1. Sorting check: for 378-391, 580-593, 431-444, which peptide has the highest mean count of neighbouring beta carbons within 10 Å, and how do the rest follow?
2. Please find the FRET efficiency linking Val372 to Arg332, where r is the Cβ-Cβ separation and R0 is fixed at 30 Å, and quote it to the nearest 0.05.
3. Calculate how steeply helix 310-330 sits against the longest principal axis of the alpha-carbon atoms of the chain, using the helix alpha-carbon long axis, and give the answer as 0 to 90 degrees to the nearest 10.
4. Starting from 0.36 nm per residue, how many nanometres of slack lie between Ile8 and Phe305 once their C-alpha separation is accounted for?
5. Tell me, Phe331, Phe466, Phe102 in order of fewest to most beta-carbon neighbours within 10 Å?
6. Quickly rank 129-136, 10-17 as a protection proxy: mean count of other C-beta atoms within 10 Å, highest first.
7. Can you pick out the pairs among Lys226/Lys603; Lys294/Lys483; Lys226/Lys359; Lys226/Lys483 whose Cα atoms lie more than 32 Å from each other?
8. Write down Rg/Rh for region 137-203, rounded to two decimals, with Rg from the C-alpha atoms and Rh from the Kirkwood relation over Cα pairs.
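Throughout, read-outs are computed from the coordinates displayed, never taken from laboratory work. Not measured: the values here are computed from a predicted model. With ideal geometry, Cβ positions are generated from the backbone for all residues, glycine too; neighbour counts draw on all protein chains shown.
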Amino acid sequence: MKGPGLLIVLLVVLGGVSGLGFLLGLGNAAVLAALTALFCLIAAVGGPLWADLRLLAWFAPALILAVGVPRLLGAVSQWAAIGLLVVIVVVAGLLPVLGARFVTVGLGLGMASLFGYGFQVTGTASAGQVLGAPALAVGVVILLRALMGVKDPAEPTRDALAGALESGSSETQERAARLWLADRPRRWTGRVLGGMFRYRAATGLLEIRRKRLDSPEIGETLDAAKEEAARLAEAVRSPTAPDEIEPLRRREPSGLPGATARLVTALWEALETIRTAAIERDESRVDVPKGLRKELRRIELSGAFSWQSAQFRHALRCGLGVGLALVVASFRPGDPLTVSFLLGTFAIMQPEWRDSLGKAWQRIAGSLGGAVVLTLVLWLLPQGFLLPIGLVALLGGFSFMRTRPAVFNGCMVLMSVGMNATTRHLDPRYVLVEYLLLMVLAGAIALLFGFAAIPGVPKPGPGERFESAVGASRALLGSVGRKLRGEDVDPRTLGLEFRAAAVAHHGLLAAEPGTKEPSPGQRDALENAAEALRGLSVTASSLLLRPGSAGAADALDEAARTLGTDEAAEIPVPRDADEEQRLVLDTIAADVVAVGEAAQTLKGA
């Protein structure tokens, strides 16, 4: 959501929640409800409607408790409240292991809890008002999310499928697969997904053949297929079935070796599958293996609670950093800028210390820019203009939150200083200086823990982390293949291999401070490899849950053998494979190709 649409939503949330809060008797806590709703909104939007509503079913009560309980506990024991907030921040730091969708969920949970604790309510608020404020916030956001998606609940899924078809990257394809599974899976979108994975595998293998054979004809074929894929993406994105889609303009050069010619045929057949599915739009439900979603969560969480998990170590560092910030804030009770200080510390800390450095620069540079603007405002305009300028900055700043973080941070200076100076009758110049000092302190605390290397933790480079992750996935695929054949595989061994693979996948992207910095190309390769390897774990698990998967054992063996190599091997598909099994095997083929491409990038760097 961008531009005017986002501004309208923010106005509805802020105005609607605060107005309802006063009507329902929340008193001054109505302002807490309105601003808490903004943090809830961060987590509420990001997937198809039904998936987001399922997420909100557990996130809503968690948010209510995270916002209300530490504040109430702080009235009894400040140290107990700080301890509880540290636990909440650690949990929020672990949520991204569940996938990219949960990055904003963790961000919203952590920011809302710190905001609820540090926000200074004018006057007093009862326990009912403190808990009622976040309850009202999540109630309005749930209603708003339902209204936003009821017209076209599956739009995010179609957009993700179309985007993956256009880009062809592992990251977009895995995101499309996750959204499709999280939504109510329809047969036509399942066929598009399967065709997309077959297309991805064929293009990857043909690209390898093109380099080996030095064949311009293969390159021209791939370019033609890319143009057709972009055209089909628009048809997939459409909310209604098109009356007709122009037939594919195939380009099939003659004189290619047999295996390469078969790949070209498979390439065009995959696109034809997508075209047919987009026209016919079979809306019947796909038979997803029972328990697959829970198994997916179990696999991803199994590697999170481990000292070897980079995400777990980041969550601990984040909790310790925020804990120190809370202790510092405890020496200035009643300071209206406590919220900005706590949120700044939390927002700067990232899994990668280099990203933390970037966030610190954005925060401090944005704050300095906002300070310059505020100085001009104080020089040119009466102080009475600070409050309306602060409100406008709050609304306008959220439009730049993701695209231009420094601008967003500058707007937060205008909002925080302007509103606090006006409502509390403080000298805006003093408030501005204090704000800047607190942002510098927040950056120092965040970077102190972001750069802190944990003793005893190895510091492997990008290539070593990649080899470790590939090795763990090979072992897992081999064991699953033996299990599908009926061989005696100890379930505990299988569980440990799933856990080891999950830990290795987490470590691909979150390096320990002091490790060699990857180049931009290496970082992209690691991100693509991480998504593909996670996908392999999920598809292996789905084969274990699905009856009649013995025929897929050969495919898993071939995937394990060629994973992470430059061997352009096709993944065998049993002749009697049904549509659901074919989709799983197509996913494996595309993921193996993606890991092979990442291996070539890392080797050549």
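1. For the peptides 378-391, 580-593, 431-444, the packing ranking is 580-593, 431-444, 378-391.
2. Working: r = 26 Å, r/R0 = 0.86.
Once rounded, the FRET efficiency stands at 0.70.
3. That helix lies at roughly 0 degrees to the long axis.
4. Answer, rounded to one decimal: 102.9 nm.
5. Phe331, Phe102, Phe466
6. Result, highest mean first: 129-136, 10-17.
7. Lys226/Lys359; Lys226/Lys483, as the Cα separations exceed 32 Å there.
8. Details: Rg = 14.1 Å, Rh = 12.9 Å.
Here Rg/Rh amounts to 1.09.
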